[in-house]
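Single-structure report; data block below.
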Amino acid sequence: MSYLTVGKENSGTIDLYYEDHGAGRSVILVHGWPLSSKSWEKQVPVLLESGYRVVTYDRRGFGNSGKPTFGYDYDTLAEDLHKLMTELDLAEATLVGFSMGGGEVARYLGTYGSDRVEKAVFISAIPPFLLKTADNPEGVDGSVFDGIMESIAADRPAFLSGFLSDFYNVDIFGGDRVSDEVVRLSWNVAAAASPVGTLDCVPAWLTDFRDDLASIDVPVLVIHGDADRIVPFPASGKRTPGLVKDSRLVVIEGGPHGITWTHADRVNRELLNFLGQRVQAAQPFAANPT
């Protein structure tokens, strides 16, 4: 088991758990909330078999990583990713962010640039800006997030059960594309996360990534299901391509939030196709139609 120390809390260290397998061009997989790097089970073997070096890690507060009581804002989370990229001396890498992990990818590129990054992928991701405001009418009303925080504080395990049902659209795909055992595994992983981290990540979802996206100068692939009940497609994935210089949007019809499992074959095919494309010189900015 490999760990990287990214900070301290009182007498203890804050360590990120990571795995580094394979050879070739690097692909860094950044998981979603409230899961861990285990959620990439359907992607890691395919990427390794296709000749890529695959790096996964657990966000602070989740999985096997340290569980501090602070640092769940995107500046800190992107800094954690930056420390991992630097420690492993990764170059010409592809960053792949799922759901909340898309925020790390956006903020990393917006803060640290693309010196180490060749491409980026956003899967069911929260950018560009989830919160409904006067200048962001496509966003989600703030009361929704207040309700999530209240439910987590009142009974986190019960909240997770309902959340994961909507994560996979179990009423539609249960027993077909997702088994009871997969949902149970996800619950076990989520329940083992830091209660503080689980709650404190929610305000971070309201981060405005529009400037981060506009600064990205590498090719971007956006994959999103149009039946996503967790991160609604109209408020997120549908809008991201219009803010990125060089991007492509793949919409998975009927896809839930957890498309990396329920629609893994399609996600993997699109991901491998994108990884295999040669990177061309940056072109002048032209917003993609939405």
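The values are calculated or read from the model by the stated rules, or taken from the named source; none is laboratory data. None of the values given here were measured: they were computed from a predicted structure. Heads up, the Cβs are rebuilt from the backbone with ideal geometry, glycines too, and the neighbour counts pull from every protein chain shown.
In this structure, is residue 108 free of Cβ contacts under 8 Å to residues at least 40 places away in the same chain and surrounded by 24 or more Cβ atoms within 10 Å (Cβ to Cβ)? Before the answer, list the steps.
Numbers: free of Cβ contacts under 8 Å to residues at least 40 places away in the same chain: yes; surrounded by 24 or more Cβ atoms within 10 Å (Cβ to Cβ): yes.
The answer is yes for residue 108.
Can you tell me which residue within segment 220-237, out of those that are part of a loop (DSSP other than H, G, I, E, B) and over 16 Å from the mean Cα position of the chain (by Cα), is nearest to residue 115 (Cα to Cα)?
Of segment 220-237, the ones part of a loop (DSSP other than H, G, I, E, B) are 226-232, 236-237.
Going one step further and asking which of them are over 16 Å from the mean Cα position of the chain (by Cα), we end up with 226-227.
Details: 226: 33, 227: 35 Å.
Here the answer is 226.
So which residues in segment 6-60 are among the polar types (S, T, N, Q), on the phi < 0 side of the Ramachandran plot and surrounded by fewer than 20 Cβ atoms within 10 Å (Cβ to Cβ), if there are any at all? Please lay out each step first, then the result.
Filtering segment 6-60 for residues among the polar types (S, T, N, Q) gives 10-11, 13, 26, 36-37, 39, 43, 50, 56.
Still in the running and on the phi < 0 side of the Ramachandran plot: 11, 13, 26, 36-37, 39, 43, 50, 56.
The answer is 11, 13, 50.
Could you tell me which of the residues 111, 76 is at pLDDT 95 or above and over 29 Å from residue 192 (Cβ atoms)?
Working: 76 fails: over 29 Å from residue 192 (Cβ atoms).
Selected residue: 111, the only one of 111, 76 that is at pLDDT 95 or above and over 29 Å from residue 192 (Cβ atoms).
May I ask you to list the residues in segment 95-135 that are aliphatic (A, V, I, L, M) and either under 10 Å from the mean Cα position of the chain (by Cα) or in a helix (DSSP H, G or I) (or both)? Break it down into steps so the answer makes sense when it comes.
Of all residues in segment 95-135, those aliphatic (A, V, I, L, M) come to 95-96, 100, 105-106, 109, 117, 120-121, 123, 125-126, 130-131, 134.
Once the filter is applied, which keeps residues that are aliphatic (A, V, I, L, M) and either under 10 Å from the mean Cα position of the chain (by Cα) or in a helix (DSSP H, G or I) (or both), segment 95-135 yields 95, 96, 100, 105, 106, 109, 121, 123, 125, 126.
Looking at segment 182-196, I want the residues that are free of Cβ contacts under 8 Å to residues at least 24 places away in the same chain and have a partner that is buried (at least 19 other Cβ atoms within 10 Å of the Cβ) with Cβ atoms under 7 Å, at least 6 apart or on another chain. Which pairs are those?
Once the first residue is free of Cβ contacts under 8 Å to residues at least 24 places away in the same chain and sits in segment 182-196, its partners that are buried (at least 19 other Cβ atoms within 10 Å of the Cβ) give 183/164; 183/168; 183/170.
Just checking, which of 165, 161, 186 is under 17 Å from residue 258 (Cβ atoms), within 18 Å of the chain's Cα centre (by Cα) and not basic (Lys, Arg)? Give the derivation first.
Details: 165 fails: within 18 Å of the chain's Cα centre (by Cα); 161 fails: within 18 Å of the chain's Cα centre (by Cα).
So the residue among 165, 161, 186 that is under 17 Å from residue 258 (Cβ atoms), within 18 Å of the chain's Cα centre (by Cα) and not basic (Lys, Arg) is 186.
Pick out the one residue from 217, 211 that is out of contact with any Phe, Trp or Tyr (no Cβ under 9 Å at 6 or more places or on another chain), outside any helix (DSSP H, G or I) and either modelled with pLDDT of 95 or more or closer than 29 Å to residue 94 by Cα (or both). Break it down into steps so the answer makes sense when it comes.
Numbers: 211 fails: outside any helix (DSSP H, G or I).
Only one candidate passes the filter, namely 217.
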